[in-house]
Every structure is written in structure tokens, then in C-alpha cells.
Amino acid sequence: MSKTTSTIGNERYQADLRQFAGVLFGLSICATFFPLANVAGRIGPDGTTADEGIPLASLVAGLCVILIGITGMLTGYLCLVHDYSNKYLTGFLLLWVQTAFIPYITDMTDVGKTARTGKGFIPTSYNPTEGEVRFVGAMGILGIFCYGACFLGSLAFMTFALYAYQVGKPGDRASGYYRGRLGFYCILVTLAGLAQLMLGAFCISNFGNGPLEPFIGVAMFTVSFPEISVVVGLVYILNGLYGLLRSVGVIKASENDHSFQIGMAFQYICTLVLMIIVQISYLPGNTQAAAAPSRACLTLGAHVLPAFLDFKMRTTPEVLPMDFYGLDVVNDDDEGVAVEEQADDANKTNNVNKEDDPELEA
């Protein structure tokens with residue numbers, strides 16, 4: 001391996017590390033903040049703290065996610081700003097991220113129990129049938145599953161990728177690696193949109209156009225204006241299908257084709273403005289106002305991860321050359337330690353170069 005090739009490969013290696021760390025840092029901020037309202041609501045004086053059943057599970061789940069967020073912020077910040085990577089810290093985070101499924105399982109269980117009673121979600125003034133309540137509950141469960149899988153998946157993906165690079169095994173992540181995962185998460189985005197579209201269409205068909213007074217709500221869906229739910233759901237479906245077609249090669253995407261990223265940015269604006277702010281702000285007495293920032297954080301993963309995967313799919317070769325990252329990437333287990341040492345050397349070399357270069361120090 002020539003010195004020039006090694007230097008270029010090392011720069012690619014460091015750039016990828018910073019990409020993963022930067023996205024992890026941003027998502028971890030959301031993971032820290034989105035459970036806060038729920039945790040604060042489950043803790044109180046004089047024996048009012050949740051101590052059994054779903055409320056206790058929800059409290060524990062929120063605390064787990066907050067710990068994940070704090071650890072993720074620390075891990076991402078150190079790698080992004082200080083070029084410091086610690087595989088043991090990242091490994092701990094990777095293990096702890098697996099507990100992030102607890103709040104989603106808890107929420108789906110709670111919605112499912114309410115739906116089985118045939119009472120809830122739809123105000124009694126609408127005289128809903130048990131079937132209507134169960135349908136709304138089903139849309140809520142589908143929404144929780146899709147948004148939860150995207151958020152949990154985004155944290156787990158960035159953490160695992162960061163860990164793989166830190167132990168010197170970046171060579172498994174060619175374009176096809178990102179392509180397959182892009183298709184999966186685009187399916188989740190499409191299903192999230194389908195749940196919202198069907199919920200909006202159901203409300204229009206059974207309860208009329210907006211504004212609905214009182215509102216209908218389940219999980220992260222608040223329906224004051226069913227028409228908005230239909231429009232936002234349609235945006236999700238179109239973006240999800242577009243990303244899916246790009247992932248399977250039906251629509252060819254060049255390295256400089258950022259149309260999918262633009263679409264996801266527009267989708268998140270629709271989520272913030274229409275799905276969250278407009279739907280919630282119409283409610284009287286600041287009802288559900290505390291839910292707005294939580295939903296903004298929760299829905300971020302469904303936008304950032306597909307956009308990131310599409311970018312990596314387009315900018316990473318289909319087959320990585322052996323010296324692509326300036327490491328002698330091998331698959332033999334006996335040489336794994338040597339590769340890991342090269343990764344450590346790459347990190348140390350980058351730090352030394354920054355210390356020797358007065359411009360970088362400035």
C-alpha cells in the first residue's frame with residue numbers, strides 16, 4: 001500500500017467515523033429529551049410515583065431511553081469533536097440500545113388493552129362502535145411500531161457502525177449493505193404514512209371533515225383535521241415508495257442525486273408543522289402541548305436514517321478495495337487483532353497530525 005493511498009484511505013476512515021458520530025449525537029439528543037415529559041409525569045410525591053403495571057414499565061422504559069441518549073451524546077461528541085473513539089464505551093452503548101424497544105412494546109400493549117375494551121381514542125359524543133375503536137387502536141399500534149422501529153434502528157445502526165469502524169472492520173459496509181437497509185426502512189416509512197392516511201380517511205368517512213370537536217387521538221396521532229392526516233400520510237407513502245424504488249434499482253440514483261434527501265426534509269417539515277403543531281395547537285386549553293416536542297424527537301429517526309442510508313448507498317463503491325480505508329481489511333479471524341491495531345493507529349495518527357499542524361491547533 002502506497003503512502004498516498006494510505007493517507008487518502010485514512011481520511012475516508014476518519015470522515016466515516018465523524019458521519020456516524022454526528023448522526024448518533026443528534027439522535028441521542030432526541031433520545032434524551034423525548035421521554036422527559038412521560039418520566040416527569042410518572043414521578044410524584046406522597047406515593048404517587050408509578051409502582052406497578054404499565055405505568056411502572058413506562059417509567060422504567062423512559063429512564064432507559066434517557067440513559068441511552070446521554071451515553072450516545074457522550075460517545076458521539078467525543079468522536080465528532082475530539083476524534084476520540086473508545087470501543088468499550090461504544091460497546092456498552094450498543095448493548096444498552098437494545099433496551100430501547102421497551103417503551104414501544106409498553107405503548108403498543110397499552111393501546112392494545114384499551115382497544116380491546118372497545119372504549120377509548122374516540123370521544124363518547126361520537127357514539128363509536130367497538131369496531132371503530134379497535135380500528136383506531138390498530139392504526140395507533142402500527143404507527144408506534146413504524147416510528148419506534150425507525151428510531152431504535154437509527155440509534156442501533158449508528159452505534160454498531162461506529163463500533164465496527166473502531167475495531168477495524170469497516171470493509172463489510174459497501175453500497176449493497178446500505179441499499180438493503182434503505183429498502184427496509186423505506187417500507188417502515190410507507191407503513192407509517194399508510195397508518196396516518198387510513199386514520200384520516202376513516203375519520204372523514206365516519207365523523208366528517210375537520211375541525212373535529214372533540215378530537216380523536218391515539219398514540220402519536222392527534223386528529224383535529226382529518227384532511228391533514230390524509231395529506232401527511234400521502235407524503236410519507238410517496239417518499240417511502242420513492243426510496244424503496246431507489247434501493248432496488250428501479251429508479252437509478254447518481255452520486256449527486258439528492259432528491260430523496262430533499263423529499264425527506266419536506267416530509268419532516270410537514271410532520272412538524274401539520275402533523276404536530278397544527279393538529280395539537282387547535283386543541284383547547286393547551287391539551288397535549290407537552291406531547292409536541294416528544295413527537296418531534298420521536299419522528300426524527302424515520303427521516304434521518306433513510307436519508308443517510310440513501311446517501312451512503314450512492315457514495316460508497318459496490319465493492320470496497322482492500323485499501324479503501326487505508327487498512328488491510330481482512331476476514332480471517334487470526335488477523336482481526338492486527339486490523340484493529342491499524343484502526344487504533346489511524347485514530348492516533350489523526351490526532352498526532354492535528355497536534356503537529358499549528359493551523360489545526362488554531
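The values are calculated or read from the model by the stated rules, or taken from the named source; none is laboratory data. Just so you know, these numbers come straight off a predicted model, no measurement behind them. We place every Cβ from the backbone using ideal geometry, glycine too, and count neighbours over all the protein chains shown. Surface accessibility is based on the protein's heavy atoms, side chains included, excluding ligands, DNA and RNA. Shrake-Rupley method; radii C 1.70, N 1.55, O 1.52, S 1.80 Å.
Cα axis of helix 175-207 to longest principal axis of the chain: angle in degrees, 0 to 90, nearest 10?
For helix 175-207, the angle is close to 10 degrees.
Going by Cβ distance under 4.7 Å, what cysteines of the chain have no possible disulfide partner?
By the Cβ distance rule, which asks for a partner under 4.7 Å, the isolated cysteines are Cys64, Cys79, Cys146, Cys150, Cys186, Cys203, Cys270.
Please give the FRET efficiency for Lys113 paired with Glu213, using the beta carbon to beta carbon distance and R0 = 35 Å, rounded to the nearest 0.05.
0.80
Residue farthest toward the positive end of the dipole of the chain, with Cβ of Lys/Arg at +1 and Asp/Glu at -1: which of Val81, Ala31, Gly168?
After comparing all options, I get Ala31.
Let me have the relative contact order for the chain, percent, based on Cα pairs under 8 Å that are six or more residues apart.
Reported as a whole number, the value is 23 percent.
In Å², what does the accessible area per residue of the chain work out to with a 1.4 Å probe?
46 Å²
Over segment 133-174, what percent of the accessible surface lies on carbon and sulfur atoms, probe 1.4 Å?
Accessible surface attributable to carbon and sulfur in segment 133-174 totals 71 percent.
Pop the C-beta distance of Ala40 and Thr7 into the FRET formula with R0 = 56 Å and round what comes out to the nearest 0.05.
Using R0 = 56 Å, I get an efficiency of 0.65.
Quick one: if you stick a label point 7 Å off each Cα along the C-beta vector at Ile70 and Ser175, how many nm between them?
Going from the Ile70 label point to the Ser175 one covers 4.4 nm.
At 0.36 nm per residue, minus the direct Cα-Cα distance, what do Ala201 and Leu241 gain on full extension? Give it in nm, one decimal, please.
The span from Ala201 to Leu241 would gain 12.4 nm if fully extended.
Please find the FRET efficiency linking Leu272 to Tyr88, where r is the Cβ-Cβ separation and R0 is fixed at 56 Å, and quote it to the nearest 0.05.
It comes to 0.90.
Is the shape of segment 141-192 best called rounded, prolate or oblate, per the rule: a/c under 1.5 gives rounded, else a/b larger than b/c gives prolate, else oblate, with a ≥ b ≥ c the square roots of the Cα gyration tensor eigenvalues?
Oblate.
Output the 0 to 90 degree angle, nearest 10, between the alpha-carbon long axis of helix 336-356 and the longest principal axis computed from the alpha carbons of the chain.
80 degrees
How much length is gained on full extension from Ala290 to Ser254, taking 0.36 nm per residue of separation minus their Cα-Cα distance?
Value of the extension gain: 8.8 nm.
Along its principal axes, what span do the Cα atoms of the chain show, with the longest given first and each in whole Å?
The principal-axis extents, from largest down, are 75, 55, 42 Å.
So what's the angle, to the nearest 10 degrees on a 0 to 90 scale, between helix 259-270 and the longest Cα principal axis of the chain?
So the helix axis and the longest Cα principal axis differ by about 40 degrees.
Okay, helix-only estimate at 222 nm for the chain: each DSSP H run of n ≥ 4 adds -39500 (n - 2.57), divide by all residues, round to 500 deg cm²/dmol; what do you get?
Result for the chain, helices only: -23500 deg cm²/dmol.
Any idea what the relative contact order of segment 77-179 is, in percent, if you count C-alpha pairs under 8 Å spaced at least 6 apart?
About 34 percent, as a whole number.
Just how many pairs of Lys in the chain have C-alpha atoms closer than 21 Å, counting pairs that are eight or more places apart or on different chains?
Close lysine pairs found across the chain: 8.
Which residues make up the longest stretch of the chain clear of GluC sites (Glu not before Pro) that lie in a DSSP loop with no more than 11 other Cβ atoms within 10 Å, not counting the sites?
53-254
Which whole-Hz ³J(HN,Hα) couplings does segment 156-167 yield from phi under the Karplus relation 6.51 cos²θ - 1.76 cosθ + 1.60, θ = phi - 60°, glycine and proline marked x?
So the Karplus estimates, Gly and Pro as x, are 5, 5, 5, 5, 5, 5, 4, 5, 4, 5, 5, 9 Hz.
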